[in-house]
């Protein structure tokens, strides 16, 4: 057993990670998925799909703006033509708003569910939003973080009623606390799982989390909360790396192996709970990887997926 002090409320909590055999990624990249933001500057979604197919990558996770650019019908056709699986669809969320923009948020999230369903995604990833005026443009300025978090939970509860009959699981993605004001006021797995437990206490699989190592690697309760999530709540797993120094808090993510995240240990913990899905590479890199040719980026993703993920 791998014993870890995880820094619970009394600082003494001990978490035991079972020594399980992780899946062997060293010989192929069958379980690699490319979040299409990773190469968003090198081509449109159809070009990205063609490039992934050339490299034998069989799963992607597209972004809604990229789908909108080429059209939903064209995106669906390309996914089906190449036999791709979707490890997720990015993104729903941005729930907080003032009263004048509440319907806009509701309608937009329902469209996201419909698009995810049409594309065959395994889940719709929710980046939940921060303060109302940063989440929903035009909303009145607010500094009420607790109120924003309540709006997030209320919005997820309402969207769940729409998504569940459609068979589209919702995956709450906690983001690093530096994004609390503008992108996501749910910042830890613990917060996300508390929402899941309140809204889906039966653990039906309709509501869970997207565990992105970039956002959660630092959390002293990480391994405890991965165990708490369990197989039913772990809907998506995203990988990249944390660079030192990080030059831009949004667009300077690292390629796996170039930073400080304990990638293998985190994957071991996730797989110990029964997660058997794709490792989804999601890299925003204005200063590096977005400047490189798409084929080079994809080849590097494949190599690092085999060697360090």
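Some notes on this structure:
- Inter-probe distance in nm under a simple model that places probes 7 Å from Cα toward Cβ, at residue 303 and residue 76: 3.9 nm
- For region 166-245, the square roots a ≥ b ≥ c of the C-alpha gyration tensor eigenvalues yield an a/c of 1.5 or more together with a/b exceeding b/c, which makes the shape prolate.
- Options [x] 15.5; [y] 19.1; [z] 16.3 - which one matches mean projected area of the Cα convex hull in nm² as calculated here: [x]
- Global geometry of region 101-222, whether rounded, prolate or oblate, following the gyration tensor of its Cα atoms and the 1.5 cut on a/c: oblate
- Distance (nanometres) between label positions extended 7 Å along Cα→Cβ at residue 54 and residue 218: 3.8 nm
- Shape of region 269-309, Cα gyration tensor, a/c cut at 1.5: prolate
- For the chain, adding -39500 (n - 2.57) for each run of n ≥ 4 DSSP H residues and dividing by the number of residues yields -12000 deg cm²/dmol at 222 nm.
- DSSP finds beta bridges in region 157-309, and of those with both partners inside it, around 15 percent are antiparallel.
- Counted over the chain, the DSSP beta bridges are approximately 20% antiparallel.
Values quoted throughout were computed directly from the atomic coordinates according to the rules given, and no laboratory measurement underlies them. This one's a predicted model, so the numbers in the text were calculated from it and none came from an experiment. As a convention, Cβ positions derive from the backbone with ideal geometry for all residues, glycine included, and neighbour counts pool all protein chains shown.
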